[in-house]
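Below: the structure, in structure tokens.
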Amino acid sequence: MTTFLLVAAAVIVVAMLVAAVRIVRATQQSKKLRGQFGSEYDRTVNHHGNRRKAERELHRRQNRVADMNIHPLTPAASEAYRADWTRVQERFVDTPEDALSDADRLVWRVMTDRGYETKKFQQRVADLSVEHATTLDHYRKAHGISVRAARKEASTEELRQAMVHFRTLFEDLLADSTSEQAQAGGHVGDVPQNGGQASKTAPDMPHTPQEGLTRP
């Protein structure tokens with residue numbers, strides 16, 4: 001075999017090895033992103049119609065959030081927000097639409113206090129997806145019902161669903177600073193049915209919409 005052929009063969013082998021390394025790295029990167037973003041990974045891929053474009057978008061979100069000063073709440077702030085949620089929940093008895101608006105604003109306040117930039121809903125969703133991807137669909141559903149409620153197009157039961165969805169994200173946002181309190185049973189009660197009685201000793205509000213819609 002001539003020197004030229006040996007060199008050509010070596011170049012081909014090196015090129016194949018480089019390609020294999022790139023494929024392995026890309027696969028590992030995709031696996032890591034999928035593990036972090038969960039269903040949001042697939043949603044982003046479907047939106048962009050291309051895995052590479054989707055992963056660039058997810059990396060952009062990671063970098064954006066990394067540049068923010070995201071931090072846990074202090075125990076005092078967390079306790080104050082839980083008290084605010086109790087008041088919102090009790091208000092649902094008489095004015096469910098107003099209570100839903102209050103719940104939306106309360107989640108917005110918690111996000112702001114934790115360091116998120118909260119001007120536009122779509123940007124809030126993108127930012128939350130980095131560390132709160134598992135509860136993101138709850139936020140989307142709650143927001144959708146809230147928009148329809150503002151047009152008087154949502155039923156009372158749908159408003160209850162939205163409250164449950166907001167509560168799921170609310171708990172997730174407080175989790176970093178309140179895990180010990182949660183273990184001690186420091187939850188507020190379930191969202192009461194319209195016309196029912198709010199109770200501070202009611203069972204814990206469930207963390208899934210299906211459970212939260214079960215009527216007694």
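The values are calculated or read from the model by the stated rules, or taken from the named source; none is laboratory data. All values reported here derive from a predicted model rather than from experimental measurement. Cβ placement follows ideal geometry from the backbone for every residue including glycine, while neighbour counts extend to all protein chains displayed.
For the stretch 115-134, enumerate the residues that are basic (Lys, Arg) and under 14 Å from the mean Cα position of the chain (by Cα).
Residue satisfying the conditions is Arg124 alone.
Considering Arg148, Arg124, Arg167, which residue is at pLDDT below 95, basic (Lys, Arg) and buried (at least 17 other Cβ atoms within 10 Å of the Cβ)?
Arg124 is the lone residue from the list that is at pLDDT below 95, basic (Lys, Arg) and buried (at least 17 other Cβ atoms within 10 Å of the Cβ).
Helices (runs of 4 or more DSSP H) wholly in the stretch 76-158 with at least 3 residues that are of a type in the set (Gly, Ala, Ser) and over 18 Å from Gln62 (Cβ atoms) - which ones?
96-114, 136-150
Which one of these does Asn50 not meet: (1) surrounded by fewer than 18 Cβ atoms within 10 Å (Cβ to Cβ); (2) assigned by TED's automatic domain parsing to the domain that holds His165; (3) modelled with pLDDT under 95?
Single failed check for Asn50: (2).
Filter the stretch 85-121 down to the residues that are closer than 15 Å to Leu169 by Cα and of a type in the set (Asp, Glu), then identify the one that is surrounded by the fewest Cβ atoms within 10 Å (Cβ to Cβ).
Per the criteria, the residue is Asp113.
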